[in-house]
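Below is one structure, written out as structure tokens; the observations come after it.
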Amino acid sequence: MDIKNATVFITGANRGLGLAFAREARRRGAAKVYAGMRNTDGFNEPGMIPVKIDVTDPASINAAAKIANDTTLLVNNAGIAALIDGPLSADVVAQSARMFDTNYYGVVRVTQAFEPILSAKPDAAIINVLSDIVWLPRPILTPYAASKAAAWSYTNQLRLHLRERGIQVLGLHVGFVDTDLTNGIDVPKASPEDVVRQTYDALIAGKSEVMADKGTVVLKGTLAAEVPGYITPPPGL
Ligand SMILES: NC(=O)c1ccc[n+]([C@@H]2O[C@H](COP(=O)([O-])OP(=O)(O)OC[C@H]3O[C@@H](n4cnc5c(N)ncnc54)[C@H](OP(=O)(O)O)[C@@H]3O)[C@@H](O)[C@H]2O)c1
């Protein structure tokens with residue numbers, strides 16, 4: 001699917017990767033860009049239509065889908081992350097519930113609301129913003145990792161399910177990206193603009209997945225090894 005002339009709806013488009021998706025869609029000639037966000041106050045990006053949406057709130061999702069009922073490309077981008085001591089921390093269950101509500105159930109809810117809109121179009125697609133964490137053990141991100149792994153699994157079920165309706169489903173996997181989410185974490189980070197460029201290029205090329213940084217390419221390359229990266233992470237990850 002091409003971005004030119006697409007009508008794009010992005011969740012969490014007020015900042016970070018979501019804003020980069022919105023800006024790059026405009027730059028590539030999208031017909032319309034709906035910038036979904038929890039709080040539209042003060043959002044003033046040229047050529048974008050701000051739409052209120054909280055992915056944990058079904059009423060706001062349905063209202064957004066009514067407004068954006070000409071969407072041809074849905075970008076499930078909104079997400080949260082938090083650090084934790086590790087898989088045995090007393091807070092794992094509570095934090096997992098918060099992560100799943102946004103990062104997994106949020107994706108499911110928004111996809112369910114927009115699927116009838118997309119199915120009615122001759123050319124439509126969904127991008128799900130996932131992570132290298134679906135394959136990478138990082139104990140301090142245990143609940144986040146579980147929620148993204150669930151979203152990855154959902155993405156794979158969805159891709160096959162929607163294939164006969166002609167809806168392309170693309171999963172974006174990437175490591176650290178330079179956004180508010182990784183503030184204060186002192187590691188090399190990909191730029192949101194570069195990640196978004198690669199993702200749209202992959203969509204246009206008809207792909208189902210994109211690994212948007214070198215580390216994620218290496219990690220995915222280990223999956224068929226006897227000791228894959230999810231058992232022993234490759235050096236540097
Ligand atoms: N940064 C990274 O290193 C990295 C790596 C891999 C994947 N990702 C994924 O990339 C996506 C975007 O993250 P980011 O790095 O751009 O983080 P970010 O700068 O913290 O932005 C997160 C966005 O999600 C929105 N959001 C959070 N909860 C929401 C909810 N319940 N309903 C609607 N919007 C909600 C936020 O809105 P508010 O402004 O209202 O909070 C914000 O717009 C996430 O799915 C994240 O997991 C990030």
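Out of everything in the range 4-13 that is more than 20 Å from Asn62 (Cβ to Cβ) and either of a type in the set (S, T, N, Q) or touching a helix residue (DSSP H, G or I) at 6+ places or on another chain (Cβ under 8 Å) (or both), what residue ends up being surrounded by the most Cβ atoms within 10 Å (Cβ to Cβ)?
Ala6
Among (1) more than 29 Å from Arg138 (Cα to Cα); (2) without any contact (Cβ under 8 Å) to a residue 60 or more places away in the chain; (3) surrounded by 21 or more Cβ atoms within 10 Å (Cβ to Cβ), there is one condition Asn69 misses while meeting the rest; what is its number?
(3) is the only condition that Asn69 fails.
Part of a helix (DSSP H, G or I), within 16 Å of Gly16 (Cβ to Cβ) and within 13 Å of the ligand (Cβ to nearest atom) - does that describe any residue in the range 213-233?
no
Can you tell me which residues in the range 114-142 are part of a loop (DSSP other than H, G, I, E, B), within 12 Å of the ligand (Cβ to nearest atom) and closer than 27 Å to Ala6 by Cα?
Across the range 114-142, the qualifying residues are Leu130, Ser131.
Condition first: within 24 Å of Asp180 (Cβ to Cβ), away from the ligand (no atom under 16 Å from the Cβ) and in a helix (DSSP H, G or I). Can you find one or more residues in the range 22-30 that meet it?
Yes, because at least one residue in the range 22-30 is within 24 Å of Asp180 (Cβ to Cβ), away from the ligand (no atom under 16 Å from the Cβ) and in a helix (DSSP H, G or I).
From the list Ala151, Ala145, Ala82, Ala97, which one is closer than 25 Å to Leu19 by Cα, surrounded by fewer than 20 Cβ atoms within 10 Å (Cβ to Cβ) and within 14 Å of the ligand (Cβ to nearest atom)?
Within the list Ala151, Ala145, Ala82, Ala97, the selection yields Ala82.
For residues that are surrounded by 22 or more Cβ atoms within 10 Å (Cβ to Cβ) and within 19 Å of Ala124 (Cα to Cα), scanning just the range 31-60, find the one that is nearest to the ligand (Cβ to nearest atom).
Top of the filtered list is Gly36.
How many residues does the range 195-237 contain that are under 15 Å from the mean Cα position of the chain (by Cα) and farther than 21 Å from Tyr144 by Cα?
Number of matching residues: 8.
Computed from the coordinates by the stated procedures, all read-outs in this text should not be read as laboratory data. Nothing here was measured: the structure is a model prediction, and the numbers come from that model. Neighbour counts are summed over all protein chains in view; Cβ atoms, including those assigned to glycine, are modelled from backbone coordinates with ideal geometry.
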